[in-house]
Number of protein chains: 2
Amino acid sequence: MSAERLLLGSGPSNAAPETLQALSRPLVGYLDPSFLTMLDELADRLREVFSTRNRMTFAVSGTGSAGMEASLVNVLEPGDTAIVGVNGVFGGRLADVASRAGAEVVRIDSEWGDIIRPEDVRAALEAHPEAKVFALVHAETSTGVSQPIKEIASLVRDHSALFVLDTVTSLSGMLVDVDGWGVDVAYSGAQKCLSVPPGLSPISFSDRAMEAARSRKAPARSWYLDVTLIDGFLTDRVYHHTPPIPMLRALHAGLGVVLAEGLPQRWERHERAAALLAKGLVERGFSYVPPEGHRLPMLHCVRLPDGVDDVEGRAALLSDYGIEISSGIGAFKGECWRIGLMGYNATERNVLTLLAALDDVLRR
Amino acid sequence: MSAERLLLGSGPSNAAPETLQALSRPLVGYLDPSFLTMLDELADRLREVFSTRNRMTFAVSGTGSAGMEASLVNVLEPGDTAIVGVNGVFGGRLADVASRAGAEVVRIDSEWGDIIRPEDVRAALEAHPEAKVFALVHAETSTGVSQPIKEIASLVRDHSALFVLDTVTSLSGMLVDVDGWGVDVAYSGAQKCLSVPPGLSPISFSDRAMEAARSRKAPARSWYLDVTLIDGFLTDRVYHHTPPIPMLRALHAGLGVVLAEGLPQRWERHERAAALLAKGLVERGFSYVPPEGHRLPMLHCVRLPDGVDDVEGRAALLSDYGIEISSGIGAFKGECWRIGLMGYNATERNVLTLLAALDDVLRR
């Protein structure tokens, strides 16, 4: 058994060594001048990665799903309408979270493995001029679908709804253009293409979203995720909660690695590794769930060839080669694998390693 | 300037070295057999530290305030009554969080610096037989007050309300007896007496509290903190959210250190360090906010002697000696300091160091 895991599943991916080093540094307090300087730098780095000038850009003290909840619970009030695209687990989760925030949820459903169609979005927006929020997943980790955003973004811009976008799996692995697309709330996760350990959710609120959070009739249903209180700490250092100091340092370090490489270079590296993996998987009889042209570079959801056992295959990869890949979930459980090439891990070397290990395992 | 901080404020305290080592280990996935074994051990260790046999004992993926929110949002439904003791910042926060969960909040107020009086609790419980929750802070970090629990616990046992207890600052620094006191939900923070970095909130739900969470009419207002969904992962490994793997390993390691020392030994160490600090502070003209007999060993809230400047004094300790202490908050801002001797830091050596540094700073 390999002592060190190669994490080629749906996340977490392996963390960049710089982030693990940052985690182990002796603690400082959350009002320490050195920590506050670091926090400001962290926000600048996040703005660059999200491609936004939004003032209110920070990391939620929880994992990606906490960021999802923070996105919705701050802007939705009981009785508001939220239109949500649902074509996998995370779209379904958006709908659930919006409903718990008190919203009437209008779902735009697509088959798992398909994109949310722009014409369906247009119809929903037209049918619901009152909608307060339109929410969508960019990279659907449960199906490997890459949701085209540009056309939909232009439809949302013609509507008063706030545009909430889940970029948990996409951020820094492919183009995410928060300001260019007119996204009002974008959130992500540390542990995917950013290659930081799990525990934080980068997030960015437009001024319009902050205005919605400030002008609500009743306080947000979550105190912990209330962005107006978090703003009080970030801006005026008013105590809210004790931030997870080591994780914030790790994110700061990880974003430094991302920006030193350069975002376009990083996207291209993901594309190269993805192309090599796709070729290898198809040659071995795997078939992609998402249609051509709508496949994520960092998450490959593929149907198993005949005769390959889901559980045995994954167990052999893990026990004999220390390689973790993920099962299908929901509708795809038992039938599909999900293979991730995220951030630090998106290399041709890792692809070759995986394919060679697969050849051994599939031969048995 | 000292490179390494001595964190003698309201938290975080310095982390035990074992926890920082655990943070920097290479990642594994959250379904990795080694991780799942570790999670089960972590739960056993938490049960021992909380002194409970509660099955549903785990760490919330957020800081202490996320634990507070998880405690209330799972058991309170709109229209329920929650009785909350308020004698400082954290009691006030409990009331706020309960209200956002939809509850009608009945406050039992005491002056900041005083305890919540058992006779007031008795009166509130009698006046509100319908109350679903009674919530209290054990160690009020904003005032240094140690809330006596035993008498109040016996009053709560005669009432149907669920007993929610904040042990963020007390856990492992003084007696916390969840089962003995009949507490239904207890939560804590990693970064106080457990000497683990901030980022997790240990929590324990009694079977009665779990029953309340399961039998509610509508889902909890928080998806992220929904204990019925988290139970699905802990029990059946059904995916909920990606747990903060390095922080969970750090907590596991930190709890190992706590239990290796022994809880009674650890409480006694806190007492010894506290007695030495109290003597030194009183000799130097500081006076305690809480009355004698109700002072926390791990958090000393003291009024400044005449002529000592709050901001200058703390700044000098930090810049010249690398020692962090905390200001007063709320009603005590500018007038008090809060000095913490938590977990790893609760040593006579640290007390002597602080007093010597104070002597230099106060002399200026």
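The values are calculated or read from the model by the stated rules, or taken from the named source; none is laboratory data. Treat the numbers as computed from the prediction; the structure is a model and nothing was measured. Cβ coordinates were reconstructed from backbone atoms using ideal geometry, including for glycine residues, and neighbour counts include every protein chain displayed.
Numbers below:
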item	result
Check on A:ASP114, more than 29 Å from B:ALA218 (Cα to Cα), touching a strand residue (DSSP E or B) at 6+ places or on another chain (Cβ under 6 Å) and outside any strand (DSSP E or B)	no
Residues (within 12 Å of chain A (Cβ to nearest Cβ), part of a helix (DSSP H, G or I) and more than 22 Å from the chain's Cα centre (by Cα)) located in region B:234-263	none
Some residue of region B:60-75 being in a loop (DSSP other than H, G, I, E, B) and either surrounded by fewer than 21 Cβ atoms within 10 Å (Cβ to Cβ) or of a type in the set (Asp, Glu) (or both)	no
Verdict on B:THR19 being more than 30 Å from B:ASP96 (Cβ to Cβ), under 24 Å from the mean Cα position of the chain (by Cα) and buried (at least 21 other Cβ atoms within 10 Å of the Cβ)	yes
Pair list, Cβ under 9 Å, 6 or more apart: region B:264-275 residue in contact (Cβ under 8 Å) with a residue 40 or more places away in the chain and farther than 16 Å from B:VAL176 by Cα, other residue in a helix (DSSP H, G or I) and not charged (D, E, K, R)	B:ALA273/B:ASN345; B:ALA273/B:ASN350; B:ALA273/B:VAL351; B:ALA274/B:VAL351
B:LEU7 vs. criteria in contact with a Leu (Cβ under 9 Å, 6 or more places away or on another chain), within 9 Å of chain A (Cβ to nearest Cβ) and of a type outside the set (Gly, Ala, Ser)	yes
Selection within region B:97-113 - surrounded by fewer than 23 Cβ atoms within 10 Å (Cβ to Cβ) and within 19 Å of B:SER10 (Cβ to Cβ)	B:GLY113
Which numbered condition B:LEU165 misses (of (1) crowded, with 24+ Cβ neighbours inside 10 Å; (2) in contact (Cβ under 8 Å) with a residue 60 or more places away in the chain)	(2)
Pairs, first more than 12 Å from every other protein chain (Cβ to nearest Cβ) in region B:88-109, second part of a helix (DSSP H, G or I) and among the acidic types (Asp, Glu), C-beta under 7 Å, six or more apart	B:ILE108/B:ASP120
Among (1) within 21 Å of B:LYS217 (Cβ to Cβ); (2) in contact with a helix residue (DSSP H, G or I) (Cβ under 9 Å, 6 or more places away or on another chain), the one test that A:SER65 misses	(1)
Matching residues in region A:307-364 - criterion: being surrounded by fewer than 19 Cβ atoms within 10 Å (Cβ to Cβ), in a helix (DSSP H, G or I) and on the phi > 0 side of the Ramachandran plot	A:GLY330
Meets criteria (among the β-branched types (Val, Ile, Thr), within 14 Å of chain B (Cβ to nearest Cβ) and farther than 30 Å from B:ASP96 by Cα) for A:THR167	no
Test: residue in region A:40-54 that is more than 21 Å from the chain's Cα centre (by Cα), surrounded by fewer than 20 Cβ atoms within 10 Å (Cβ to Cβ), part of a helix (DSSP H, G or I) and modelled with pLDDT of 95 or more	yes
Among residues of region A:22-35, those that are closer than 20 Å to A:VAL196 by Cα, assigned to a helix (DSSP H, G or I), more than 7 Å from chain B (Cβ to nearest Cβ) and not aromatic (Phe, Trp, Tyr), counted	1
Unmet requirement for A:SER13, which otherwise passes all of (1) over 16 Å from A:PRO202 (Cα atoms); (2) surrounded by fewer than 20 Cβ atoms within 10 Å (Cβ to Cβ); (3) among the hydroxyl-bearing types (Ser, Thr, Tyr); (4) at pLDDT 95 or above	(2)
Given (1) free of Cβ contacts under 8 Å to residues at least 12 places away in the same chain; (2) over 30 Å from B:VAL60 (Cα atoms); (3) hydrophobic (A, V, I, L, M, F, W, C), index of the condition A:VAL289 fails	(1)
